[in-house]
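Have a look at the structure below, then the notes.
The values are calculated or read from the model by the stated rules, or taken from the named source; none is laboratory data. The structure presented is a predicted model; accordingly, all values stated were derived computationally and were not measured. In this analysis, Cβ positions are derived from the backbone assuming ideal geometry, glycine residues included, and neighbour counts consider all displayed protein chains.
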Amino acid sequence: MHLPLPTGVIDPPRPPRLAMLGGTFDPVHLGHLRSAVELLEVLELDRVHLIPASVPPLRGEPRVSPEERLLLLRLGIGDTPGLVADPRELHREGPSYSADTLASLRKEFGVDARLVMALGHDAFLRLADWHEPERLFAMAHLVVIDRPDHEAPLSAALDALITGREVDSPDALMARPAGGLLRLALPTRMAISATEVRRRLAEGNSVRYLLPEAVEHHLLAHGLYRY
Ligand code: ATP
């Protein structure tokens, strides 16, 4: 005989919680990786997918190939729990639009998944110029990571895009699968950029402690970003 379970004893399963941190990763550095780890903790996520763009739509061609940037990302992540180097944009032709990437994550993880697109404040400032920016909010929440040296006023177009979307806590964001905006000051703000890393490598200067050691060794052993 089956007795009915007392109500309230078993919680319904929690929907999956995932974030995408897309970028050029030319090369990956500790600003990316530390932000990803802190995002995981602050938003209580199951996973952060770090997704290198094959063909970044709004900038010049990266210095090294998509495959090599993915390899560097894998080396950088190593065995870090909860971080995944996700190659899905390398399998698509043409420009790597984030809206398409989010659509593929949504398809994989389902309508109830809490899906976050994380991006630094510098990237957020240009959001209104992205391909189908409204569709990004249909697919995911946006979490904007505060980044040193990148404060600037929002454009009118960006202001219009985010009107009515902002929430003030991770709990409020995670109450729904998509559509919200949260600005986060993560515990560790790092003024590291790939531009600075490339400049140092081209000048023959040290990049120690800006990148994981495995990434540094690979870069130096293969002479990447030297010229
Ligand atoms: P570049 O200097 O070549 O423009 P980048 O260092 O900004 O590169 P990207 O690969 O373009 O690196 O960044 C991917 C994402 O990570 C973007 O949303 C960017 O804002 C964010 N990001 C990069 N560096 C940091 C950092 N130090 N702290 C927080 N977020 C960062």
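If you check Leu50, Leu75, Leu105, which single one turns out to be away from the ligand (no atom under 15 Å from the Cβ), modelled with pLDDT of 95 or more and in contact with an Asp or Glu (Cβ under 9 Å, 6 or more places away or on another chain)? Step through it out loud before you land on a result.
Numbers: Leu50 fails: away from the ligand (no atom under 15 Å from the Cβ); Leu75 fails: in contact with an Asp or Glu (Cβ under 9 Å, 6 or more places away or on another chain).
Only one candidate passes the filter, namely Leu105.
If a residue must be within 12 Å of the ligand (Cβ to nearest atom), surrounded by fewer than 15 Cβ atoms within 10 Å (Cβ to Cβ) and among the hydroxyl-bearing types (Ser, Thr, Tyr), how many such residues does the range 187-210 contain?
Of the residues in that region, 2 qualify.
Just one of (1) within 15 Å of the ligand (Cβ to nearest atom); (2) at pLDDT 95 or above trips up Arg63, so point out which.
With (1) within 15 Å of the ligand (Cβ to nearest atom); (2) at pLDDT 95 or above applied to Arg63, the lone miss is (2).
Only one of these conditions is not met by Ala140: (1) out of contact with any strand residue (DSSP E or B) (no Cβ under 7 Å at 6 or more places or on another chain); (2) buried (at least 18 other Cβ atoms within 10 Å of the Cβ); (3) closer than 26 Å to Thr188 by Cβ; (4) touching a residue at least 40 places away in the same chain (Cβ under 8 Å). Which number is it?
Among (1) out of contact with any strand residue (DSSP E or B) (no Cβ under 7 Å at 6 or more places or on another chain); (2) buried (at least 18 other Cβ atoms within 10 Å of the Cβ); (3) closer than 26 Å to Thr188 by Cβ; (4) touching a residue at least 40 places away in the same chain (Cβ under 8 Å), the lone unmet condition for Ala140 is (1).
Of all residues being free of Cβ contacts under 8 Å to residues at least 24 places away in the same chain and of a type outside the set (Ser, Thr, Tyr) in the range 48-69, which is surrounded by the most Cβ atoms within 10 Å (Cβ to Cβ)? Just the residue, please.
Of everything passing the filter in the range 48-69, Glu67 is surrounded by the most Cβ atoms within 10 Å (Cβ to Cβ).
Okay, residues lined up against (1) buried (at least 17 other Cβ atoms within 10 Å of the Cβ); (2) assigned to a helix (DSSP H, G or I); (3) in contact (Cβ under 8 Å) with a residue 40 or more places away in the chain; (4) in contact with a helix residue (DSSP H, G or I) (Cβ under 8 Å, 6 or more places away or on another chain):
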| site | (1), (2), (3), (4) |
| --- | --- |
| Glu89 | yes, yes, yes, yes |
| Leu102 | yes, yes, yes, yes |
| Lys107 | no, yes, no, no |
| Glu134 | no, yes, no, yes |
| Pro148 | no, no, yes, no |
| Pro153 | no, no, no, no |
| Leu158 | yes, yes, no, yes |
| Gly164 | no, no, no, no |
| Gly179 | no, no, yes, yes |
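Please indicate, with yes or no, whether at least one residue in the range 30-47 is touching a helix residue (DSSP H, G or I) at 6+ places or on another chain (Cβ under 8 Å), assigned to a strand (DSSP E or B) and surrounded by fewer than 20 Cβ atoms within 10 Å (Cβ to Cβ).
yes
Assuming Met117 fulfils every condition listed in (1) in a loop (DSSP other than H, G, I, E, B); (2) among the hydrophobic types (A, V, I, L, M, F, W, C); (3) in contact with a His (Cβ under 8 Å, 6 or more places away or on another chain) apart from one, which condition is it?
Condition not satisfied by Met117: (1).
Could you say whether any residue in the range 8-16 is modelled with pLDDT of 95 or more and under 14 Å from the mean Cα position of the chain (by Cα)?
no
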